[in-house]
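Note sheet for the following structure.
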Amino acid sequence: MYVHFRTTYRKDQRGFTLLEIVLALAIAAIALPILLRAFSDGTRKHGLIENRTTALYLLRLRMSEIEMLGELEVGSEEGEFGTDSRFTWITDVTEADALDDTEGLYEVTVTVNWQERGQQESVELTTYIADRTIEQEQEL
């Protein structure tokens, strides 16, 4: 017994032609690497920004610790933020010589360093802090 199916196409039945499918694949082949590169760059930049933000928070933390002490000694000091931290700090305290008649004013520079993709990165903040042990003259 032989059965023959005959297919007929009506004008209202439409599908994708081979040309349309090939064209869609070509567009996807061009767009996909661009999208993957953009995603990769975004992920990398997110890591860089996260490290810089962490360094800025740690910089402010170290500067707050110094401000709370109030009593400063001229010199340089360095350390780490906890054990196994990739962030380190350096503090430089010098007497401020901006004004000759100023006593007990110190220039404090805090630098936070870390390794990023094999390169040394850092952020730095400099401020002036008055020695709290010296009595201030009050004008009334």
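Each value in this text was obtained by applying a stated rule to the coordinates, not by laboratory testing. Worth saying up front: this structure is predicted, and the values here are computed from it rather than measured. Using ideal geometry, Cβ is built from the backbone for each residue, glycine included, and neighbour counts are taken over all protein chains shown.
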State to the nearest 20 debye the size of the charge dipole of segment 57-98 about its Cα centre, where the only charges are +1 on K and R beta carbons and -1 on D and E beta carbons.
320 debye
Please order Ser122, Ser40 by the number of other Cβ within 10 Å, starting at the fewest.
Ser40, Ser122
For Ala26 and Tyr128 in the same chain, what is the full-extension length gain: residue separation times 0.36 nm, less their Cα-Cα distance, in nm?
30.5 nm
Most exposed to least, judged by fewest other Cβ atoms within 10 Å, Asp131, Asp84, Asp92 sort to Asp84, Asp131, Asp92
In which sequence would Thr94, Thr83 go, from the one with the fewest C-beta neighbours within 10 Å to the one with the most?
Thr83, Thr94
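To the nearest 20 Debye, how big is the dipole of segment 18-130 about its Cα centre, given +1 on the beta carbon of each Lys and Arg and -1 on that of each Asp and Glu?
Working: 8 positive and 21 negative charges, 283 e Å.
In total the dipole reaches around 1360 debye.
What is the extension gain from Thr53 to Asp92, computed as 0.36 nm multiplied by their sequence separation minus the C-alpha to C-alpha distance, in nm to one decimal?
On the way: separation 39, 0.36 × 39 = 14.04 nm, distance 2.20 nm.
Extra length available between Thr53 and Asp92 comes to 11.8 nm.
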Residue-wise, which Karplus ³J(HN,Hα) couplings in Hz belong to segment 72-79, taking 6.51 cos²θ - 1.76 cosθ + 1.60, θ = phi - 60°, and x for glycine or proline?
10, 10, 5, x, 10, 9, 9, x
